[in-house]
Each structure stands twice: as C-alpha cells, then as structure tokens.
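Trainee: This is the structure I want to talk about, given as structure tokens.
The values are calculated or read from the model by the stated rules, or taken from the named source; none is laboratory data. Since we're looking at a predicted model, the values are computed, not measured. Every residue, glycine as well, gets a Cβ built from its backbone with ideal geometry; the counts of neighbours run over all protein chains shown.
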Amino acid sequence: MSALFARARAWLLSVVCVGYLLYAACSPLLLDQRVPLEGPRLMGVVVSAGMLVLALTGRLRAFWPRLAFQVLLAFLTLYGAQLTLQSGSLGEQVVYLLWAMVAFPSYVVLMGSRLGLVIGLLLIGAIGVMVTRTATLSPEQQLYWVTGLFVVLSLLLTHYLIAEFIERYLTIHERTSGELQAARLDALTGVAGRAALEGELQRALDAARRTNSPLSVILSDIDHFKQVNDVHGHGVGDDVLRAFAKRLRRNVGSAGTVGRWGGEEFMAVLPSVSRDDALALAERLRQSVSESAIAGLQITASFGVAALRPDDDLNQLFSRADERLYDAKNGGRNTVR
C-alpha cells in the first residue's frame, strides 16, 4: 500500500470519525431532549473514538488494527440495521441509511479497494436479506430501504473505482520515484552517482551565474587504493569505499553534495562556498580521513580544490580540480591543493 495513500486514509477516516462524534453529541440538542447513549449509538461513539485515536497516532497503517475495527464496524452495521428495522420508525430508518451512505464507502478506505469492496457487498447483501424478512415494513418503507441500499451500493462502487485508481497511480508513482532515485545513487556507496553529480554541478553552476555567488568543488582520491584491493581483497576495498563516502558526506553536511565520480574518486559540489572556505573544508576532510581508521584500515586521501571563474564552464571547472588533485598526488599524497 502506498505511504501517501495510507496518510490520506488516516485523514479521511479522522474526518468521518469526528463527524459522527459531533453528530452523537449534537443530536440531543437538536431534538431538545435527552437521547440515551446506548445500543448502536454508544458502539458508534466507541468505535469512532478508538479509530480516531489510532488514525491520529499513525497506528491505523498496520493491517491488524484496521481489520479489528472493520470487524467491529461490520457487527455495528448489522446490529444497527436489525434494531432499526425492528423499531418501525421511518425517521430512524432514514437516519440509518444516511449514515450507511458514509460508512460503506469508508470500508474501501479502511481496508483497501478490493477487500473493502468485498466486505461492503457482503454487508449490503446481508442487510437486503434482513429487509426482505422483516414483515412489519410497509411497502413505502421497503421502497425506502431498497432505494437507500441501491444508493449505498452506488457510492461503494464509485469509491472503489476512485480508491483503486489512486492506489495504482500512487504505487506506480512511488515505484518510479524509487527507481529514479536509485538510478541517481551510486549502488555501492549510497552517495550520488556520476550522472546525478554532473546534474547537480550544472545546476549549481547555473545558479552561481544567476546570483553572482561563489561555487567550489573538491575532488578527492583515496591514496594507494589498488594496494587495499590487492592486499585485503575487493570486499574490504568495497567496505573502504562505503566508509570513505560516509565520512565525506558526514563532514560536508549541508554545505554541499557528495558523490562518487568513479573508482576511488569522489567529488563534493559546494554552492555558495568560496575557494578559501573550500580549502579549509578539504583540509578538515583530509584530517578526518587520516586521523582515524576507515573500515578498520588506516588510509589517507588527496584533495584538489577549484573555484568557479567568470569564464568557466562545467568541464573547465572540473579540469582545474582534477589538475589540483594530480598536484596533490604528485606532491606526496595526503595533501590538499
């Protein structure tokens, strides 16, 4: 079930429950007399209050609480129909049918479109049997009940179609969004992949041009990473890459976006960050990597920093960061240039 649909369901059911609670509280005032809170009305208040609490606390997303309330609602529906038919009061029968028009469509919201539809159809069929077996109903009352049940059925089917469409649409939407997000992330390290990083860099460059603000990038490379794979194996190498990416992301924080450029190279895109500040950040990253073990190994990394110039495009900015990284590697590694 879609998480968006689950949240919408909680709010819709909350509205229905609040509506019934207000009805139960205000109906004696409208009648200008004390109406005893008993029978179906008492059960309706208890069920509505309980469902409202679960909906507002987020616990109605679980299947079993919803199923328990569905069983209570089904019992209340049949019990209320039986008492209403036995009362012989046309007014009570009309009120019951009006509330049934609200309750039955809510089944597809509570239990999902398909299961809610099945439950609703079974209850409508059971009430129809009760109506045909109640000999005290006048022809006019029978007509009211048949008409009311037909309207309830129409509303139930309409809400089923709407809920089914929403469930499918939201499920497809979330699956597609998840796939797009997964495609943007590097599968091994969980940070942005190269394509996403290029897109973020281009957006940051365009924004820097529009607002005349600084933009810096930090290109990093794990020193002697080939030896890690050769000595400890590729599994340990993968652990190092994951831990290194996590270390970079934690230290960069909200200042920018960290992504894997390829192999053991990572990049941090830093909008609104000057070169001096980027150099200071790169030095903190270097110290963070070198001063404590990563995935159980003591490693170091080299960093190249470049800031946007007035005539730069994306390739020129990256090339300059790559040159600085090359200088750092040739300068003894574990350095910032």
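A quick yes/no check of all residues on (1) modelled with pLDDT of 95 or more; (2) buried (at least 24 other Cβ atoms within 10 Å of the Cβ); (3) more than 39 Å from the chain's Cα centre (by Cα); (4) outside the structural domain of residue 202 (by TED's automatic domain parsing):
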{"residue": "264", "(1), (2), (3), (4)": "no, no, no, no"}
{"residue": "292", "(1), (2), (3), (4)": "no, no, no, no"}
{"residue": "297", "(1), (2), (3), (4)": "no, no, no, no"}
{"residue": "304", "(1), (2), (3), (4)": "yes, yes, no, no"}
{"residue": "310", "(1), (2), (3), (4)": "no, no, yes, no"}
{"residue": "314", "(1), (2), (3), (4)": "no, no, no, no"}
{"residue": "318", "(1), (2), (3), (4)": "no, no, no, no"}
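Trainee: Test residue 89 against the stated conditions and say whether it is closer than 21 Å to residue 146 by Cβ and either exposed (fewer than 13 other Cβ atoms within 10 Å of the Cβ) or modelled with pLDDT under 85 (or both).
Mentor: On the way: closer than 21 Å to residue 146 by Cβ: yes; either exposed (fewer than 13 other Cβ atoms within 10 Å of the Cβ) or modelled with pLDDT under 85 (or both): yes.
In short, yes.
Trainee: Still on this structure, please answer the following. Which residues, counting only those in the range 231-276, are of a type in the set (D, E, K, R) and closer than 17 Å to residue 320 by Cβ? Write out each step before concluding.
Mentor: Start the filter on the range 231-276 by keeping residues that are of a type in the set (D, E, K, R), which leaves 238-239, 242, 246-247, 249-250, 260, 264-265, 275-276.
Once the filter is applied, which keeps residues that are of a type in the set (D, E, K, R) and closer than 17 Å to residue 320 by Cβ, the range 231-276 yields 265, 275, 276.
Trainee: Would you mind telling me which numbered condition in (1) touching a Gly at 6+ places or on another chain (Cβ under 7 Å); (2) modelled with pLDDT of 95 or more; (3) not β-branched (Val, Ile, Thr) residue 259 fails?
Mentor: Failed condition: (2).
Trainee: Might you let me know whether the range 144-165 holds any residue that is at pLDDT below 90, surrounded by fewer than 18 Cβ atoms within 10 Å (Cβ to Cβ), touching a helix residue (DSSP H, G or I) at 6+ places or on another chain (Cβ under 9 Å) and under 15 Å from residue 80 (Cα atoms)?
Mentor: No: zero hits.
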